[in-house]
Structure formats: structure tokens, C-alpha cells
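Colleague: Got a structure here, written out as C-alpha cells. Questions coming.
The values are calculated or read from the model by the stated rules, or taken from the named source; none is laboratory data. As the structure is a prediction and not an experimental result, all values here were calculated from the model. Quick reminder, even Gly has a Cβ in these numbers, built from the backbone with ideal geometry, and neighbours come from all protein chains shown.
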Amino acid sequence: MAEDQPQVQPQQQPKAYDGFLAEVVEIQPRRTGMFGSATQVMCKILEGKDKGRVIRRNISGRVKTGDKIRLGDTSREDKPINVK
């Protein structure tokens, strides 16, 4: 009889992601990295102790304004790109 009853699966908890959610607010027109593969963006922190703060970060890959990204650390900020 016990074999006829369906097994009940426990509900899975949603995944807890590492880092903090941020939204891309502005894209700087210059690129950085050895081959220009990284874009410098201004992003607004959406969660954590720095919520509401806007910081500058380097992002590799395609990115557009309004994209949501996950940052591992919100306490450090990248230096602005200076063209000589």
C-alpha cells in the first residue's frame, strides 16, 4: 500500500544569491581593459547597507541603461577613466 501513494517533495527555498542588486543608471562613453572589453557604468545600489548610493563600476560584456546587475562588493568604487 505504501508504494501506491505519491511521494511528497519538500518545497524548495528560493536561492539566496551572493552580492547586492544594482541598476545601471548611466554608461560612460569610454571603454577600459586591455582590449577595450570593459565598460565603465554608474550604478545605483538597490539593496544592502549602501542602498540608494550611486557608484562607478567596470562591467565586462554588453550592458544598457536600466539593466540589473549583482555586485559582490559595494564598498569599493572604480577610478574614472582619464584619457591622456
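Colleague: Collect the residues in the range 46-84 that are of a type in the set (Ser, Thr, Tyr) and over 23 Å from Gly36 (Cβ atoms), keeping them in residue-number order.
Modeller: Thr74, Ser75
Colleague: Now a separate question. Inside the range 36-84, can you point out the residues that are assigned to a loop (DSSP other than H, G, I, E, B), touching a residue at least 40 places away in the same chain (Cβ under 8 Å), at negative phi and not charged (D, E, K, R)?
Modeller: Answer for the range 36-84, where residues must be assigned to a loop (DSSP other than H, G, I, E, B), touching a residue at least 40 places away in the same chain (Cβ under 8 Å), at negative phi and not charged (D, E, K, R): Thr65, Gly72, Thr74, Pro80, Ile81, Val83.
Colleague: So, one more: Looking only at the range 29-51, count every residue that is closer than 20 Å to Tyr17 by Cβ and not charged (D, E, K, R) and tell me the total.
Modeller: 5
Colleague: Restricting the range 52-84 to residues that are among the polar types (S, T, N, Q) and crowded, with 16+ Cβ neighbours inside 10 Å, which is farthest from Gly19 (Cα to Cα)?
Modeller: Selected residue: Asn58.
Colleague: I would also like to ask the following. Going by what's in this entry, would Gly36 be described as at pLDDT 90 or above, of a type outside the set (A, V, I, L, M, F, W, C) and over 14 Å from the mean Cα position of the chain (by Cα)?
Modeller: Spelling it out, it is not the case that Gly36 is at pLDDT 90 or above, of a type outside the set (A, V, I, L, M, F, W, C) and over 14 Å from the mean Cα position of the chain (by Cα).
Colleague: From the set of residues in the range 1-33 that are modelled with pLDDT under 90 and outside any loop (DSSP other than H, G, I, E, B), which is surrounded by the fewest Cβ atoms within 10 Å (Cβ to Cβ)?
Modeller: Pro29
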